[in-house]
1. Given R₀ = 45 Å, what would the calculated FRET efficiency be for residue B:342 paired with residue B:403, taking r from the Cβ atoms and rounding to 0.05?
2. Taking Rh as the Kirkwood radius computed over C-alpha pairs, what is the Stokes-Einstein D of the protein assembly as shown at 20 °C in a medium of viscosity 1.002 mPa s, expressed in µm² per second?
3. On a 0 to 90 degree scale, rounded to 10, what angle separates helix A:91-113 from the longest Cα axis of chain A?
4. Antiparallel as a % of all DSSP beta bridges within the protein assembly as shown, to the nearest 5?
5. Provide Rg over Rh for region B:202-356; use the alpha carbon set for both Rg and the Kirkwood Rh (inverse mean inverse pair distance).
6. Distances over 29 Å make up what percent of all Cα-Cα pairs in region A:1-154?
7. Do you know the relative contact order of region A:105-240, to the nearest whole percent, from alpha carbon pairs under 8 angstrom that are 6+ apart?
8. How do B:406, B:318, B:243 line up, fewest other C-beta atoms within 10 Å first?
């Protein structure tokens, strides 16, 4: 039981790291109704900008706002050169544009900052908390707890932003119908630039934590793969959904990795380990059968 | 007078035209062309930059020293991004240039090597796979054009077991070893060899796969914590390596009890892991450092002349840079071997280069002449043994650099090579290939 709990808690904490990446997707989806294929590339670009500024001599406290500035510029440029011409186009056209953007960012980032694998030291070591280890014989990492706290804080902030600010409400209007939002005087261009900048900030936080854990390198773009089942489960439009989806995916994939392969090996023979690569997707797809809009997603009703 | 001038002008023009026409032909005849399907961007771009930087620097170095007995080396790079489809595309694009006088092809990718194995055989172009790729091609009787040179995953795994056995006082009986591997063809390749070793040495082998890309290993390491193994053998690539080291630290598993394969043992794998990598050991078939005379001379000669391939010169002397140099040394030596038989100062054709690769004899004396003593082990290939060495060294990361721990360790050849031969013969039967009689080669 103690081992089961340890695996589950470890999974929940990992899930929060997935949620951080999923949050960026949710923001863009809420503003433009499109899945931003470039979110993984943005995480990579943000982390590389942060570590690049630090390499140029900026201390961490300065590099962080500088990297945010770079992400804001990227957001504004995305709006100006990619999205502005796409107003009122079908979502698939916007989606295709984000695929192009993703390849562009993946090429631009190493061109600007180099392709070497870098270490990012944020002053927090990924090691177990001794007190919990001594008294409960469970490994709970300081780093994971910090990341979870940060993610929860970010979610609370974003939820308040969407719910209680004019910009947040305008953003929801834009997501529903670009042209209708424009006709009642909502400045679509500003809203999109702003939301891409906020998504850039979320990407920066995610990139900082994932980069501090695994090194700043191209593989950060793969973090998007972990976020997709979280989105399907939590709903593409819900900020709290991204967190709850992350927790469910994180815990279930870890438990599945530990407990399912021995069962399958008992029946079929062979080694069935490594299922956590695809298990979250199967789970999310099964979930779609029951609740297509996700746990917290908005139910879509078309009146005839 | 005017007529004579016209005649002279015509004669001179003709002579110049003939010379100009003859010059490229003469140059082409004296050039050995290397197609280089490299990767410098994409997920493993950092690894590719160091490896291909070293590879090209050595080719430049040879050219600056007068070529291979006067034959200059030409090359063309093509970006694969470590992607199999792009690797095949590069091969198809460059193969016509390589058909006359090729250099061995190095993809530094097991996937691309698999994709090119049949094509290279059909096109009669030699494919080198140093420490990766199709390992059953050690049996050259079935695979005349494929060369898994120096050593293979299986021999490396066997050498690691030998190292751990020595570390455990000469016996692994009753010990528990976890094999943590990238869940791909690359990671699965040494499993049979490790299973054979576990039966022979009576240790328990626990195989734990990690799904690609391996940037999350919480569950795997929780299982390792539960199993309490004596050692963990790490078989990762890219981000999987540093994630393993960081997660080992998180779970409190001593890094001194972790031994990696050579794709888990470069600076790119340990520097980003910071203190979590300190004390970690890995196998390698080439050493790091600039104190090898050849590497120091490349820096002086090639970079001194401003012809170096690396933008970031801090990579000079790293494991992967030196591996690129080692790969190029073996390629050039194969052409030199061929020249010794088929004619010095001539560009070698595909069959001749293949012969050179199959009759390599890189002795300690030759390595010393090249300034490469200790850089890589002695290599002696033959028709029945396209590997030629099977030796690795163990190195430990001290937090700043790789420190060699052992001399060259050879895997259990008597146990491992029959596995290659069995696989190769099975393959030959399936494909209807009649193996060559190596006693006649």
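A short reminder: the numbers here are calculations on the coordinates, not readings from a lab. Just so it is clear, the structure is predicted and the values come from calculations on it, not from any experiment. Quick reminder, even Gly has a Cβ in these numbers, built from the backbone with ideal geometry, and neighbours come from all protein chains shown.
1. Result of the calculation: an efficiency of 0.55.
2. 77 µm²/s
3. So the inclination is approximately 70 degrees.
4. The antiparallel proportion sits near 35 percent.
5. Here the Rg-to-Rh quotient is 1.12.
6. Across region A:1-154, Cα pairs with separations above 29 Å total 33 percent.
7. The value is 29 percent.
8. Fewest-to-most Cβ neighbours within 10 Å comes out as B:406, B:318, B:243.
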